[in-house]
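Structure record follows, encoded as structure tokens.
The values are calculated or read from the model by the stated rules, or taken from the named source; none is laboratory data. All figures in this text were calculated on a predicted structure; none of them were measured in a lab. Here Cβ is always computed from backbone atoms with ideal geometry, including for glycine, and neighbour counts include all displayed protein chains.
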Amino acid sequence: MSETSERLVETPVWDLPVRLFHWSFAICFAVSWISGQAENLDLHYGSGLVLLGLVIFRLLWGLVGSPTARFAHFLRGPGAAIAYLKESFRHRGPSYSFGHNAAGGLMVVALIVLAGLQVVSGMSSTDDVIFEGPLYGRLPDWLGRPLEILHEPLANILLALALLHILVILVYRFVKRENLVRAMVLGRARLPEPVAQAAAARGETKGAPLGRALVCAILAAAVPAAIHYFY
Ligand code: HEM
Ligand code: HEM
């Protein structure tokens with residue numbers, strides 16, 4: 001879908017919960033990374049717990065949320081991702097995906113799942129001075145030790161993925177001339193009329209009720225709250 005002469009229409013793409021999740025996730029990720037490096041472990045532990053809540057929320061919202069938020073909407077195999085990348089970069093114009101494309105979808109799931117694993121590994125870690133994560137010493141050695149060793153390299157892998165994610169967004173903006181950030185802020189994207197109409201006909205432009213997001217948020221928040229309370 002590359003013809004720039006096509007009429008573009010404003011189409012709802014990202015619901016409020018996805019946008020709130022995204023920007024909170026990005027901020028918590030940065031705070032976790034910087035506080036880990038600075039060894040400010042109070043802040044580090046706090047931002048890690050919030051990140052855990054966000055990951056659980058997004059996993060739930062990926063199952064019961066608005067159509068574009070659902071994993072079933074954007075999770076395709078690696079074959080589809082490679083085909084998308086080939087097709088997408090064969091021409092330089094916008095790709096106009098309604099929601100995550102096949103390659104972006106894989107990146108999204110990798111970021112969310114690995115961030116969750118990073119929190120679990122942090123919880124199995126100690127700084128060998130004053131801080132012990134809630135899981136430290138409570139897991140069998142064969143599991144606890146590798147999880148602890150994983151914390152630093154996985155932080156670097158996550159940082160590389162986050163930087164790649166931002167680089168791709170910049171490539172879309174300046175090479176493919178497609179502004180993806182606007183949609184992650186406002187919730188709406190300018191899409192070609194046929195793409196917008198097809199999405200509307202499938203009923204995918206209608207967001208899930210916010211009450212459902214609230215239930216997911218409460219369930220998600222209960223996990224880090226319980227960890228904090230009992231730890
Ligand atoms: C509740 C969750 C977390 C806990 C309990 C935790 C715990 C820890 C501990 C104990 C250390 C110090 C290790 C040492 O002194 O050798 C540490 C370091 C670090 N953590 Fe976490 N962490 C958590 C989440 C995260 C997350 C989500 C990230 C990344 C986004 C992260 C990134 C880092 C980094 C970059 C370091 C410094 C590694 C180094 O260079 O030594 N942590 N964390
Ligand atoms: C200035 C920094 C950032 C910008 C401008 C940005 C922008 C975006 C945009 C435009 C999307 C939607 C992509 C699409 O259309 O398919 C997106 C999705 C996403 N980004 Fe970022 N991002 C930033 C930082 C981060 C960071 C630091 C992380 C985490 C490490 C992150 C994780 C994600 C995730 C998980 C999604 C999927 C959202 C969902 O479906 O729930 N982003 N980002």
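The set of residues in the range 39-63 that are farther than 12 Å from ALA213 by Cα and surrounded by fewer than 17 Cβ atoms within 10 Å (Cβ to Cβ) comprises GLU39, ASN40, ASP42, LEU43.
Considering the range 82-101, and only residues there that are farther than 14 Å from LYS176 by Cβ and in a loop (DSSP other than H, G, I, E, B), the residue that is nearest to the chain's Cα centre (by Cα) turns out to be HIS100. Being crowded, with 20+ Cβ neighbours inside 10 Å, near ligand 1 (Cβ under 10 Å from one of its atoms) and of a type outside the set (Gly, Ala, Ser) is a description that applies to VAL119.
Among residues of the range 183-202 that are of a type in the set (Gly, Ala, Ser), those with a Cβ under 9 angstrom from a residue that is exposed (fewer than 15 other Cβ atoms within 10 Å of the Cβ) and not in a helix (DSSP H, G or I), sequence gap 6+ or separate chain, pair up as ALA189/GLU10; ALA196/GLU10; ALA200/LYS206. Is it true that some residue in the range 29-43 is in contact (Cβ under 8 Å) with a residue 24 or more places away in the chain, within 11 Å of ligand 1 (Cβ to nearest atom) and on the phi > 0 side of the Ramachandran plot? Yes - at least one qualifying residue is present in the range 29-43. Within the range 204-231, being without any contact (Cβ under 8 Å) to a residue 40 or more places away in the chain and part of a loop (DSSP other than H, G, I, E, B) holds for one residue alone: PRO209.
Return yes or no: is ARG202 more than 21 Å from PHE29 (Cβ to Cβ), modelled with pLDDT under 95 and among the basic types (Lys, Arg)? Taking the combined requirement at face value, the residue does not satisfy it. When you check PRO94 against the structure, is it surrounded by 20 or more Cβ atoms within 10 Å (Cβ to Cβ) and modelled with pLDDT of 95 or more, yes or no? The answer is no for PRO94. When GLY79 is tested against (1) under 26 Å from ASN156 (Cβ atoms); (2) over 11 Å from the mean Cα position of the chain (by Cα); (3) surrounded by fewer than 17 Cβ atoms within 10 Å (Cβ to Cβ), exactly one condition is not met: (1).
Residues in the range 2-23 that are surrounded by fewer than 20 Cβ atoms within 10 Å (Cβ to Cβ) and under 14 Å from LEU111 (Cα atoms) were compared, and the one that is nearest to ligand 2 (Cβ to nearest atom) is HIS22.
Per the listing ALA38, ALA26, the residue uniquely under 14 Å from the mean Cα position of the chain (by Cα) and farther than 17 Å from GLY99 by Cα is ALA26. Inside the range 149-161, residues that are over 18 Å from SER35 (Cβ atoms), surrounded by 13 or more Cβ atoms within 10 Å (Cβ to Cβ) and not β-branched (Val, Ile, Thr) make up a count of 2.
Just to be sure, is HIS151 within 13 Å of ligand 1 (Cβ to nearest atom) and not in a loop (DSSP other than H, G, I, E, B)? The answer is yes for HIS151.
When each of ARG190, ARG182, ARG173, ARG177 is tested for being charged (D, E, K, R), surrounded by 16 or more Cβ atoms within 10 Å (Cβ to Cβ) and within 16 Å of ligand 2 (Cβ to nearest atom), the lone residue that passes is ARG190.
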